[in-house]
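All remarks here apply to the structure that follows.
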Amino acid sequence: MSEIGKIVIMLTLDLHGMDVFKATAVVINKIYEFEENEWAFQLNIICGKGTGALRNLVEDILERETNYVFEYDERSATFWVKK
């Protein structure tokens with residue numbers, strides 16, 4: 001399929017204000033949405049710079065539950081997940 005004219009989508013999830021329990025469900029649901037969306041090429045998960053609990057949670061989920069390539073940006077406190 002030609003890349004010309006292809007629509008691509010970047011999904012974003014902001015976890016600010018969530019506790020670990022709520023964030024777990026939200027992250028897993030968003031990853032499922034990302035998997036099912038054939039047009040989405042990147043998922044950004046914003047953790048914030050608080051205690052690090054959300055960062056550790058997201059990293060753990062991404063490592064155990066997916067095969068996606070991801071990196072963490074310290075400055076924006078965001079995971080960039082790519083298909």
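Residues in segment 9-45 that are among the β-branched types (Val, Ile, Thr) and either within 12 Å of VAL81 (Cβ to Cβ) or in contact with a Phe, Trp or Tyr (Cβ under 7 Å, 6 or more places away or on another chain) (or both): ILE9, THR12, VAL27, ILE31, ILE45.
Considering only residues that are part of a strand (DSSP E or B) and touching a helix residue (DSSP H, G or I) at 6+ places or on another chain (Cβ under 6 Å), look in segment 23-81 and name the one that is surrounded by the most Cβ atoms within 10 Å (Cβ to Cβ). Out of the qualifying residues, it is ILE45. Considering the conditions (1) modelled with pLDDT under 95; (2) within 17 Å of THR78 (Cα to Cα), ASP14 is excluded by exactly one of them, (1).
The values are calculated or read from the model by the stated rules, or taken from the named source; none is laboratory data. Here the structure is a predicted model, which is why all the values come from computation and not from measurement. Note that we place each Cβ from the backbone using ideal geometry, even for glycine, and neighbour counts take in every protein chain shown.
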